[in-house]
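A.B. asks: Here it is, the structure, as structure tokens.
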Amino acid sequence: MGFKETLHRNVDQTSWPGQIPVHYRYLYGLAGEKFFRGLKDEGKFYATVSPEASKVYCPPTLFCEETFEALTDWIELPPVGTVESFTLCYEDSDGAEQAPVAIAAIQLEGADTVFLHRVIGIDPEAVYIGMRVQAKFLPKKQRRGHLDDIAGFEPVA
């Protein structure tokens, strides 16, 4: 059966053999575009500010989650933050065993929110809550406007 064939009863097709060819584009949106361009082009973190709630969102959002006000003020944040929580992953995304990788909820200096990323440059078993870390970016030519433009966060010396 092809995509253009019409089913007249919902029980006629219960499975599709093989892979379904799906092509899509994910759009970052206005807030995401500025954030990811900052990572890709400048190696910088941009955040939105809620003056009414006194909150800084990184990754940025267009509306404050507390006041629902539109956020139009932007600031640059330093590439330094704190590990607020973490876990050790012993499997890759396909379920295959791997050496442990530390994945942390990192709050950048000046931000009120966190995002997840790898902690690198240290034994994963040595990562701890409260650890100060700094973003290590890929070389500019390798960046593509994605969180993986950050190779990981290294402990601050």
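No value in this document is a laboratory result; all are computed from the given coordinates. The model shown is predicted, which means the values in this text are computed figures rather than measured ones. Here the Cβ positions follow ideal geometry from the backbone for every residue, glycine too, while neighbour counts run over all protein chains shown.
A.B. asks: Identify all residues within the range 39-48 that are free of Cβ contacts under 8 Å to residues at least 60 places away in the same chain, under 16 Å from F115 (Cα atoms) and not in a loop (DSSP other than H, G, I, E, B); write none if there are none.
C.D. replies: Y46, T48
A.B. asks: Six or more apart or on different chains, Cβ under 6 Å: which pairs go from a residue in the range 71-92 that's among the acidic types (D, E) to one that's assigned to a loop (DSSP other than H, G, I, E, B)? Could you list them?
C.D. replies: What qualifies is E76/K44; E84/V114.
A.B. asks: Moving on to the next point. Could you tell me which numbered condition A53 fails, if it satisfies all but one of (1) buried (at least 19 other Cβ atoms within 10 Å of the Cβ); (2) within 23 Å of L30 (Cα to Cα)?
C.D. replies: Here A53 clears every test but (1).
A.B. asks: While we're on this one: Within the range 113-129, how many residues turn out to be buried (at least 16 other Cβ atoms within 10 Å of the Cβ) and within 19 Å of the chain's Cα centre (by Cα)?
C.D. replies: The number of residues fulfilling the criteria is 7.
A.B. asks: Restricting to the range 27-61, name every residue that is touching a Ser or Thr at 6+ places or on another chain (Cβ under 7 Å) and within 29 Å of A151 (Cβ to Cβ).
C.D. replies: A31, T48, Y57, C58, P60, T61
A.B. asks: Moving to a separate point now. When you go through S54, S50 one by one, which is the residue that is among the polar types (S, T, N, Q), in contact with a Cys (Cβ under 8 Å, 6 or more places away or on another chain) and farther than 24 Å from E154 by Cβ? It would help to see each step written out before you state the result.
C.D. replies: Values: S54 fails: in contact with a Cys (Cβ under 8 Å, 6 or more places away or on another chain).
Checking each option against the conditions leaves just S50.
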